[in-house]
Structure formats: structure tokens, C-alpha cells
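Coordinate-derived values only; no laboratory data. Keep in mind that what you see is a predicted model, and the values were worked out from it rather than measured. So basically every Cβ, Gly included, is an ideal-geometry build from the backbone, and we count neighbours across all protein chains shown.
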Amino acid sequence: MRKRYLHTRNKGRILKLRTNKTFLGIENILTAIKNSVLDSNDADRIVCKLIEKDLLKITMEKSEKKSVLSASLEEAKLPVSFSLFLEKFWTYDSSPYIREKLAYGQSIGKRHCYEMKCRFNRYWKPYFNGYNLNDITRQELRDFSLSLAKRDLSPASINKIMTVGITCLSWAYNEGIIRKDPTIGLFRFSGESKKRGVLKPVEVQALFSARWKDKRAFAGNLLACTTGMRSGEVLAVRPEDIEDRIINIRHSWSEYDGLKAPKNGETRRVPLLPEVKSKLLELIQENPFGQEGFIFYSTKKDKPIYKNNLLNGLHTALSDIGINAAERGIVFHSWRHYYAARMTDKMTAEQVSRITGHKSQIIFKEYANHIIEENLEEICKVSAKIFKKII
């Protein structure tokens, strides 16, 4: 009996044999379709069967009003590359996933997408080279995650890497692009994340008593130390954000997104010590763009200094007083830990979280933006006592 061979899409898969009987059966099906009167329901049933056999690819096209599901025989001939699909998924300007999130008012920044694409290029792309979208199984993902565990990566880093593909595949399943969700049942890695170092009060006193080469780096670190502000929030400060004893945190700055809402999308008011305020006013006076620029000005009116300017200034000053920042794990974000630790020595965690904008504890979420003047007055007094020696 003469046999016909079916071409398979994946390397290493056993070739199926097609007999003359099977071939004639297919011809009969095609003849029956040609001679029958079919309606849309009949067509849907035929398409569904082809999809079940992985012979027809489906795509999702989104418009403002509705989602349209279409089937493409061309894509059946040219299966979707998993790497290309994943890369496009995290491309900010062309991803349907990102467009959808933004359309629903959800926050997703260009920097986040850039970091996800970096993880894709470094870890996902080399491992899954040659795979098609429908080839990805839960076992493939499990093997990949275990291969990451063999590297010198923290559990938190592995989980972030896995999120690159898990988010994509879950979305593809929910949109009907793939028939099964291979991410169901995957375990997250647990374990302690690498802890950031925190300076001691006596070290902080010595740090801000030292001579700094850049006044902007000095003022930015002092502001973060005494308010718990994030680096992006520090860089985004403009003259109109400063009141008598308050600094309004309305924006954050990102090199990829520019001015954007602070993390968690919420603005907040933070007590500003007079001595710190005076340093900010000095920068405003020296700012070549005056009141219209950023307090931490650069050579461009519409941009503040780079985040690394703050970090490099910190590390240089630490080195000058004999502290190795790398060995101690000191980064700019360490100021948030320092501020929270010092403030919770004198106040409740809830009071501090209202100032720092932390969202890790659910009970704080409802109250984070509702700080009354009495609370601000109390926090101002506590801050003055705690940071008296360093300012």
C-alpha cells in the first residue's frame, strides 16, 4: 500500500503516515462540503475541528468596540514563533496587551516593558529558540524555571524572569489564541531576597557632614533620607511642589516615561524639614531654568539629572568616609528603609506608611491619602527630633 507522509512542524516529533484510505476520506469530506448548503453554524463547527487538531491558527484583533476572532490558514502553514510573539507582547508601542491595559486606565510604564524585554532577551529567547507558541507546555516552563534555579539568581529574580512568559501565555489563553494555559499549576520560588543595606545613624551623620562634589546629589540624598521618597519622586520635584513645611509628591520621573504618577498611582503630602527645604531653595536659585525647571536640574529644561547622579554621589561620599557601598549593599533605595526604621522607632507603622506610600499592608491602603494636618504636625516634630543631628 502506498503511503503519504504528513509534514510536521516540530523537530524531533515522529512523522505520521497517511494511507490512501485516509487520503480518499479527506477527498470525500471536501466533496461533501462543496456539494452541501452550509450556514455560519456549520462553518464554525468545521473551523473548531481544525483548531482542535492544531491545523488552523487563530488570532485576536482588537478594536475600540469589540474583539474579533479570526482564523488564518496562512498561519497554519507558518506557525507563530514563541520568541517573536513574546517579544512583541512586551513591545510598548505595538503590544495589544499593553494597549488594553492603558485603555482600561491601568498603569504600565515603558521602563517596566523595557526591563521585561531585557529579561526576555537574556533568559527566554536563548532557551526557547525554535519553539512555536503552541509548543509551550507546563513541563517546558517547569524545566525552564529549574534551569534558572541552577544559576546564581535569587528567588525574587527568578520569579521576575518567569513573569515575562507567564503573563504573556496567560493572556494568550484568555484571548483564545492558545487552547490551553500552560502556566496553571506552576510554583513560585520562595526564599529570602537579597536585602538592601541600611546605614547606622552615626554613619548617616558622618555622611552628611562630609564634603560632597555635587550639591544636587547631596540635596537629593538628604531629601530621601528625611522623607523616605523614592529616587524617581525626588527627581520629579518642581518648585510648585514645595509648601511651607510640606512637599507634595505628585509625580515620579522615569527616563523612559518622563513625568508619570507616583508608584501605586497616588499622590501624597510629606513633612519637609526647614533645613532640607533651604537646600532645595538654593538649587532653585541656581537653576538656569528658574521656576519652570526641575529642582534637580540638568542641562535640559524638560529633564532632571540622571538617577545615577544621585547614586554615584552617595557612593562617592560613602567611600570618602571609609564605607564600601557594594559590600554593605547600600543603594539609593536604602534611604526608604532607613527612614521607615527610624520613624517607626517613634511612631506606629500605620502612621509611617501614610508618609512613605507603602502598600504592602492591606489595612493601610484605604487611609494612605488621608493625612490630616494634626498627623502632619506630629510627624514634623518627630522628624525634627530624629534627623536633628544630621541636618
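For Leu310, Leu186, the sequence from fewest to most other C-beta atoms within 10 Å is Leu186, Leu310.
For Lys160 and Phe187, the FRET efficiency from 1/(1 + (r/R0)^6), where r spans their Cβ atoms and R0 equals 25 Å, is about 0.95.
Take each peptide in 173-180, 203-210, count the other Cβ atoms within 10 Å of every residue, and average; sorted highest first, the result is 203-210, 173-180. All alpha carbon pair distances within the range 224-345 were sorted into 10 Å bins beginning at 0; the resulting P(r) in whole percents reads 13, 42, 37, 9, 0. At a Förster distance of 30 Å, what's the computed FRET efficiency of Ser94 paired with Arg179, Cβ-Cβ distance as r, to 0.05? Calculated transfer efficiency: 0.75.
Here the Kirkwood formula, the inverse mean of 1/r across different C-alpha pairs, assigns the range 123-184 a hydrodynamic radius of 12.1 Å.
Let a ≥ b ≥ c be the square roots of the eigenvalues of the Cα gyration tensor of the range 111-218; is it rounded (a/c under 1.5), or, if not, prolate (a/b larger than b/c) or oblate? Taking the square roots of the gyration eigenvalues as a ≥ b ≥ c, the range 111-218 is prolate. Sorting Cys168, Cys380 by the number of Cβ atoms found within 10 Å of their own Cβ, with the fewest placed first, yields Cys380, Cys168.
Close Lys pairs in the range 85-241 (alpha-carbon distance under 15 Å; sequence gap of 8 or more, or different chains): 7. Summarising the label geometry, the points placed 7 Å from Cα in the beta-carbon direction at Ala103 and Glu240 lie 3.2 nm from one another. Computed from point charges on the beta carbon alone (+1 for Lys and Arg, -1 for Asp and Glu), the dipole magnitude for the range 98-203 about its Cα centre is near 340 Debye. Computed over the range 79-174, the P(r) tail beyond 17 angstrom holds 49 percent of alpha carbon pairs.
Considering only alpha-carbon pairs that sit under 8 angstrom and 6 or more positions apart, the relative contact order computed for the range 79-174 is 36 percent.
Here's how it looks for Val331: its modeled amide H is under 5 Å from those of Gly197, which are all 5 or more places away or on a different chain.
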